[in-house]
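J.: Here it is, the structure, as structure tokens.
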Amino acid sequence: MKVTLMQRAAVLPVALLASLLAAATSRSPQNQSRAQFAIPDQLQHATPFVEFLRGAGLTIREVHQSRLTAMFGGTRQAAYISTSLGVVEVVVFSGVMEAESITITYSKRPAPTAHHYLIQGGPTGGVPKEWHGAQPAYFTLHGNWFIVTWQPDLEAFLKRNLGQTSRPDLLK
């Protein structure tokens, strides 16, 4: 059987399309969440938290040093993590239950920094820390993790997966 140049040209786009579909399937969100993600050496303290997020089903996009490093007396153990549900920052304390000794008091103020938080206890050395923002921040305290996010869906996800909600219907 003779194959014409026109017939060969028709096969090329079909083969290219099949190749692109196969590549897209291998990079699906489900496969990405299971893919190994390299955490920078200076952020290895965040590995248990990143593994918790990954194990709960989130896709991890990137891990960087967090600006929260200076908030608690110079700790360098803070990470900024971009996930499929949004950004979460975590400070990892050396004490096993150190984060859970922190108290956070919220008050609303006039714009531009309408949301005000007073953070006390834990490794703050008895000195209260203030946090101001134009948008609300959501805090989760678990063991030695001080967790902050700005997305309510991500906060609900974290609390549900840590078993920390006063609403039992959210634990389902």
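The values are calculated or read from the model by the stated rules, or taken from the named source; none is laboratory data. Worth saying up front: this structure is predicted, and the values here are computed from it rather than measured. Please note: Cβ atoms are built from the backbone with ideal geometry, for glycine as well, and neighbour counts cover all protein chains shown.
J.: Within the stretch 80-104, track down each residue that is at pLDDT 95 or above and outside any loop (DSSP other than H, G, I, E, B).
T.: Listed by number, the residues that qualify are 80, 81, 82, 83, 86, 87, 88, 89, 90.
J.: Can you report the number of residues in the stretch 141-164 which are over 12 Å from the mean Cα position of the chain (by Cα), under 12 Å from residue 90 (Cα atoms) and among the polar types (S, T, N, Q)?
T.: Going through the stretch 141-164 one residue at a time, the tally reaches 1.
J.: Here's a follow-up. Could you check residue 51 against (1) surrounded by fewer than 12 Cβ atoms within 10 Å (Cβ to Cβ); (2) charged (D, E, K, R); (3) within 16 Å of residue 147 (Cβ to Cβ) and say which number it fails?
T.: So the condition that residue 51 fails would be (1).
J.: Select from the stretch 69-79 the residues that are part of a loop (DSSP other than H, G, I, E, B) and under 16 Å from residue 137 (Cβ atoms) and write down the one among them that is modelled with the lowest pLDDT.
T.: Among residues in the stretch 69-79 that are part of a loop (DSSP other than H, G, I, E, B) and under 16 Å from residue 137 (Cβ atoms), the one modelled with the lowest pLDDT is 72.
J.: Considering only the stretch 132-146, how many residues are in contact with a Ser or Thr (Cβ under 9 Å, 6 or more places away or on another chain) and either part of a strand (DSSP E or B) or under 19 Å from residue 45 (Cα atoms) (or both)?
T.: 8
J.: Among 112, 123, which is the only one that is exposed (fewer than 13 other Cβ atoms within 10 Å of the Cβ), of a type outside the set (Val, Ile, Thr) and either at pLDDT below 90 or in contact with a His (Cβ under 6 Å, 6 or more places away or on another chain) (or both)?
T.: Within the list 112, 123, the selection yields 112.
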